[in-house]
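Colleague: Could you have a look at this structure, given as C-alpha cells, before my questions?
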Amino acid sequence: MAFYLDFEKKIEDIQKELEVAKIKNDASAVALYEKELDQEIKRTYSNLTPYQKLQLARHQDRPHAIDYIDMIMSDKYEIHGDRHFADDKSMIAYIGYIDGQKAIVIGEEKGRGTKDKLYRNFGMPNPEGYRKALRIAKLAEKFNIPVLFLIDTPGAFPGLGAEERGQSEAIARNLLELAKLKVPTVSVVIGEGGSGGALAIGVADKVAMMRYSVFSVISPEGCAAILWGDNSKAETATKALKISAEELKELGLIDDIIDEPLEGAHRDPKKAAENLKNYFLKSIDELQNLSTNELIQKRYEKYLNYGKFAEQ
C-alpha cells in the first residue's frame, strides 16, 4: 500500500473513494473522483513548503541509489573496498553501461527495512566509505570513464571509530582530489544531502538536485537543537536554511534541477530514473567536448565563484 504524508491526507481520502468506486464499477463516480484527485494533486504540489519538500526527500518509498542503478545501468558489476580498512556498505559503486555509455556510478545507500538499514549504516559512510569512493573515482580516471555520484545521506557517520580513522581527513581529501579529477563528473542529490557526508561526493563538473531533494550543511533538527535547544522547531529551521532545489538553484549553488513526477519520485520511480539518466547523458555529452585542461579549469572557476560579498 502507498504511504501518504500528513499533507497528502486529502489525496489519500480521495484515492480511497476512487478505489471503492472502481470496485462498485460506478463509472460516473470514478470519473468524478479521478477529476477531483487530479485537481487536489495539482493544488497540493504547486504549493509545497520547504518542510514538505524535506518530508518528500525522506519518504520511505523514495528510490535509493541502488534502485536508480538497477533501473539505468546494464551489464553492471559492483566494485568493493577502499584497500585500506574495509568495504563500507553505505557507499556503493558499480561499473557498467548507461544507454551504451560506459560509466561508473558511486552512491550512498540508506537501505530499506531494519536489517538492511543496519547493514547500510542508515546511509552514513565511515572514512572507508569516502576512501572507497575516491579509489573508484581514481580508477575511472585511469580508464577515462565518466562518473555519476548519487548523494543520499543524513551525514557522515559521527561514531568514535570513524573519528579515530580520520573522518574529517577522508572528506577533505575527497574535496581536494575530486576537484582535480581528469574525467567528466556529475553529482546528483537524489534524496537527502546532509553536511560533509554529501559534500564528499558532491564536487563535480555538474551538480544537480532532484526536484524534491534537499541539500544542507546540517539537518533542520540539528540546526533547531543548536539554535533554540528545541528540535521541534525543525520546520522553522528548514525555511531558514534554504535547502530546497529551487532555493539553491537561485543562490547559484547547484547547476540544475532534475524534474520528478508531480507527486514525487516514489510514485513513478521509472520516470524519475529516466529523467536522471537523460540528465547524466546530456551532461556527459557536453563535458566530453572539453579538453582535460578546460574541464579542470571550468570546475575550478565554478567553485571559486561560490558565495558573494559586499564592501561597506
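The values are calculated or read from the model by the stated rules, or taken from the named source; none is laboratory data. Since this is a predicted model, take the numbers as computed values, not measurements. Don't worry about glycine lacking a Cβ; one is built from the backbone with ideal geometry, like all the others, and counts go over all protein chains shown.
Colleague: Step by step: first the residues of the stretch 55-86, then only those that are touching a Lys or Arg at 6+ places or on another chain (Cβ under 7 Å) and either part of a loop (DSSP other than H, G, I, E, B) or of a type in the set (Asp, Glu) (or both), then the one that is nearest to residue 132 (Cα to Cα). Which residue is that?
Modeller: Ranking the qualifying residues of the stretch 55-86, first place goes to 82.
Colleague: Would you mind telling me which numbered condition in (1) more than 21 Å from residue 125 (Cβ to Cβ); (2) touching a residue at least 12 places away in the same chain (Cβ under 8 Å); (3) surrounded by fewer than 17 Cβ atoms within 10 Å (Cβ to Cβ) residue 26 fails?
Modeller: Exception for residue 26: condition (2).
Colleague: Please indicate, with yes or no, whether at least one residue in the stretch 166-174 is charged (D, E, K, R) and either free of Cβ contacts under 8 Å to residues at least 60 places away in the same chain or more than 28 Å from residue 267 (Cβ to Cβ) (or both).
Modeller: yes
Colleague: With part of a helix (DSSP H, G or I) and in contact (Cβ under 8 Å) with a residue 60 or more places away in the chain as the only criterion, which of 221, 247, 263 stands out?
Modeller: Among 221, 247, 263, only 247 is part of a helix (DSSP H, G or I) and in contact (Cβ under 8 Å) with a residue 60 or more places away in the chain.
Colleague: Also: Please state which one of 107, 129 is part of a helix (DSSP H, G or I), closer than 21 Å to residue 197 by Cα, modelled with pLDDT of 95 or more and small (Gly, Ala, Ser).
Modeller: Going through 107, 129 in turn, just one is part of a helix (DSSP H, G or I), closer than 21 Å to residue 197 by Cα, modelled with pLDDT of 95 or more and small (Gly, Ala, Ser): 129.
Colleague: Please work out which one of (1) farther than 20 Å from residue 66 by Cβ; (2) buried (at least 17 other Cβ atoms within 10 Å of the Cβ); (3) touching a residue at least 24 places away in the same chain (Cβ under 8 Å); (4) not aromatic (Phe, Trp, Tyr) is the condition residue 252 fails and give its number.
Modeller: Among (1) farther than 20 Å from residue 66 by Cβ; (2) buried (at least 17 other Cβ atoms within 10 Å of the Cβ); (3) touching a residue at least 24 places away in the same chain (Cβ under 8 Å); (4) not aromatic (Phe, Trp, Tyr), residue 252 violates only (2).
Colleague: Now, a different point. Working carefully through the options 282, 277, 271, find the one that is at pLDDT 95 or above, closer than 21 Å to residue 204 by Cα, touching a helix residue (DSSP H, G or I) at 6+ places or on another chain (Cβ under 9 Å) and charged (D, E, K, R).
Modeller: 277
Colleague: What is the number of the single condition among (1) of a type in the set (Gly, Ala, Ser); (2) buried (at least 17 other Cβ atoms within 10 Å of the Cβ); (3) free of Cβ contacts under 8 Å to residues at least 24 places away in the same chain that residue 208 does not meet?
Modeller: (3)
Colleague: Among the residues of the stretch 136-165, which ones are in contact (Cβ under 8 Å) with a residue 60 or more places away in the chain and of a type in the set (D, E, K, R)?
Modeller: 152, 165, listed by residue number.
Colleague: Checking the condition surrounded by fewer than 12 Cβ atoms within 10 Å (Cβ to Cβ) and without any contact (Cβ under 8 Å) to a residue 40 or more places away in the chain, which residue from 4, 77 passes?
Modeller: 77
Colleague: Now, a different point. Give the residue, chosen from 294, 274, 301, 286, that is over 22 Å from residue 103 (Cα atoms), among the charged types (D, E, K, R) and either touching a Phe, Trp or Tyr at 6+ places or on another chain (Cβ under 9 Å) or part of a helix (DSSP H, G or I) (or both).
Modeller: 301
Colleague: Give the residues of the stretch 216-242 that are closer than 16 Å to residue 192 by Cα and either modelled with pLDDT of 95 or more or in contact with an Asp or Glu (Cβ under 7 Å, 6 or more places away or on another chain) (or both), sorted by residue number.
Modeller: Listed by number, the list holds a single entry, 234.
Colleague: Considering only residues of the stretch 266-295 that are in contact (Cβ under 8 Å) with a residue 60 or more places away in the chain and of a type in the set (Ser, Thr, Tyr), which is surrounded by the most Cβ atoms within 10 Å (Cβ to Cβ)?
Modeller: 283
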